[in-house]
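**Student:** The following block contains the structure, expressed as structure tokens.
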Amino acid sequence: MDQQVFIFDTTLRDGEQVPGCKLNTKEKLTLALHLEALGVDIIEAGFPISSPGDFESVTEISKVVKNATICGLSRAVQKDIEVAAEALKFAKRPRIHTGIGTSDYHIKAKFNATREEILARAVQSVKWAKNFVDDVEFYAEDAGRTDNDYLARVVEAVIKAGATVVNIPDTTGYCLPQQYGDKIAYLMNHVPNVDKAILSCHCHNDLGLATANSIAGVVAGARQIECTINGLGERAGNTSLEEVVMVLKQHKHLGLYTNINTRMLNPLSREVADTMRVPVQVNKAIVGANAFSHSSGIHQDGFLKDSLTYEIINPEEVGAEGSKIVLTARSGRSALAHRFQKIGYEFTRNDIDVLYESFLQVADRKKEVGEEDLHQLAKAYKAEPAIA
Ligand code: KIV
Ligand code: ZN
């Protein structure tokens, strides 16, 4: 039986940490409702103690979202947890996300503490949060660089204290997929009470491995992925929601699924890019402008014979506009004939051979040959076919 991977969206919290991306409550509320419609299971709505604006956003989102769990972030600090609980008081399904750094970098440099002291604070924070909500997620910050033995002790202790979800963040985006997968597998095999909670993958993209690491994590037994639309987030960003969802959909043999309505992925990606004023890179998987564009002659020829030769996803499935045959100096005759046909010209193979020469001259001058250029080429050819 296939198993569900819960999608924890943190666009409104980690995603909003992108410099210049600050959202107001109204913008956050609109996005939260759209994330709920997309089918995310958990929305991390903000970090309530961080500012009055974030407190207000979490409160307002809690009032209107009905199906998704609403999560508020806190440090392992009593006041943070109390404020998060206050902001979540209207939520139908509230979750407090609390935690502390567990790597020696954090323990020594940030807290000037010992492993035992941090372990005690971790347990304490979960117990505090449990006074307010049933659903408590604990994050072991920098788990990616935390010693596995110690991490297993922390995970066991916070589950015993009542954590329902334990987040294993690769905060610095350091891990290789194999390492991150092994870390999750280690916890699955060495934490005696691991079956009482869900392990969660929260990966950053500093080495471009966030998606691969999250997938390695769920393959090894984690059942929640923390991600953002367009992969937005601190520094090089977080795991991209659209990527992990489509990886699991494409690779059904993994036996894992999500509840995401994939047809909303492109529209929501555009909305997030506009609202946050961060354009999507053109070659971004699933939602980039070129994700379904074909420009080289060899690819175009194959694609026009059968789209499956060069496309693994049907653009409609992810709400994209459709596949595009882009005309550049690398394009071939079949693409040219196809584009002419699309705008109403029926040319023979011989016509196309002649037209192709003049097309290449235009294409060498311009980055892309557009519809207007095609009309001009056709007009010139009809006027003087031999020398067009
Ligand atoms: O990257 C990280 O470790 C985080 C935690 C606060 C969950 O964002
Ligand atoms: Zn993060």
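**Student:** Please work out the average accessible area per residue across the range 3-276, using the 1.4 Å probe convention, and give it in Å².
**Tutor:** About 38 Å² of surface per residue is accessible.
**Student:** Carbon and sulfur: what percent of the range 258-387's accessible surface (1.4 Å probe)?
**Tutor:** Looking at the range 258-387 in its full context, I get 49 percent from C and S.
**Student:** Across the range 293-380, how large is the tail of the calculated P(r) beyond 20 Å, expressed as a percent of all Cα pairs?
**Tutor:** Summing the P(r) tail past 20 Å for the range 293-380 gives 33 percent.
**Student:** A further question follows. Measuring with a 1.4 Å probe in the full set of protein chains, what accessible area per residue, in whole Å², belongs to the range 293-380?
**Tutor:** Heavy-atom SASA per residue in the range 293-380 reads 58 Å².
**Student:** Expressed as cubic angstrom per residue, what is the convex hull volume of the alpha carbon set of the range 210-315?
**Tutor:** With only Cα atoms used, the range 210-315 gives 120 Å³ per residue.
**Student:** Over the range 35-92, what percent of the accessible surface lies on carbon and sulfur atoms, probe 1.4 Å?
**Tutor:** 54
**Student:** What is the helix-to-structure angle for 78-87, meaning the angle in degrees between its Cα long axis and the longest Cα principal axis of the chain, kept from 0 to 90 and rounded to the nearest 10?
**Tutor:** 60
**Student:** For the range 293-380: lysine pairs with Cα atoms under 22 Å, gap of 8 or more or different chains, count?
**Tutor:** Here the count comes out as 10.
**Student:** Heavy atoms of the protein only, probe of 1.4 Å, neighbouring chains included. What is the accessible area of His338 in Å², nearest 10?
**Tutor:** 50
**Student:** Here is a further query. Net charge near Val77, counting Lys/Arg +1 and Asp/Glu -1 over other residues with Cβ under 15 Å of its Cβ?
**Tutor:** For residues surrounding Val77, the net value is 0.
**Student:** Near Lys26, which aspartates and glutamates are there with a Cα under 17 Å away, not counting those fewer than 8 places off in the same chain?
**Tutor:** Glu16, Glu36, Glu44, Asp54, Glu56, Glu60, Glu271, Asp274
**Student:** Please list, or write none, the aspartates and glutamates whose alpha carbon is within less than 15 Å of the alpha carbon of Lys108, excluding same-chain residues fewer than 8 places away.
**Tutor:** Glu116, Glu117, Glu141, Asp142, Asp147
**Student:** Calculate how steeply helix 265-276 sits against the longest principal axis of the alpha-carbon atoms of the chain, using the helix alpha-carbon long axis, and give the answer as 0 to 90 degrees to the nearest 10.
**Tutor:** Compared with the principal axis, the helix lies near 70 degrees.
**Student:** As a check on your grasp of the helix formula, calculate [θ] at 222 nm for the chain: sum -39500 (n - 2.57) over DSSP H runs of n ≥ 4, divide by the residue count, round to the nearest 500.
**Tutor:** So the calculated ellipticity at 222 nm is -13000 deg cm²/dmol.
**Student:** Follow-up question, since we're still on this one. List the lysines whose alpha-carbon lies under 21 Å from that of Lys79, not counting same-chain residues fewer than 8 positions away?
**Tutor:** Lys89, Lys110, Lys127, Lys130
**Student:** Please say if the range 293-340 is rounded, prolate or oblate, where rounded means a/c under 1.5 for a ≥ b ≥ c the square roots of the C-alpha gyration tensor eigenvalues, and otherwise the choice is prolate for a/b larger than b/c and oblate otherwise?
**Tutor:** Prolate is the answer for the range 293-340, as a/c is 1.5 or above and a/b outweighs b/c.
**Student:** Putting +1 on Lys and Arg Cβ atoms and -1 on Asp and Glu Cβ atoms, find which of Ile343, Ser295, Leu355 reaches farthest to the positive end of the dipole of the range 293-380.
**Tutor:** The Cα lying farthest towards the positive end belongs to Leu355.
**Student:** Starting from the Cα coordinates of the chain, work out the convex hull volume and express it per residue in Å³.
**Tutor:** Spelled out: Cα convex hull of the chain, divided by residues, is 149 Å³.
The values are calculated or read from the model by the stated rules, or taken from the named source; none is laboratory data. Keep in mind that this is a model prediction, so the values were computed, not measured. FYI the Cβ positions are ideal-geometry reconstructions off the backbone, even for glycines, and counts take in every protein chain you see. Each accessible area value is taken on the protein alone, full model and side chains, heavy atoms only, with ligands, DNA and RNA left out. Shrake-Rupley method; radii C 1.70, N 1.55, O 1.52, S 1.80 Å.
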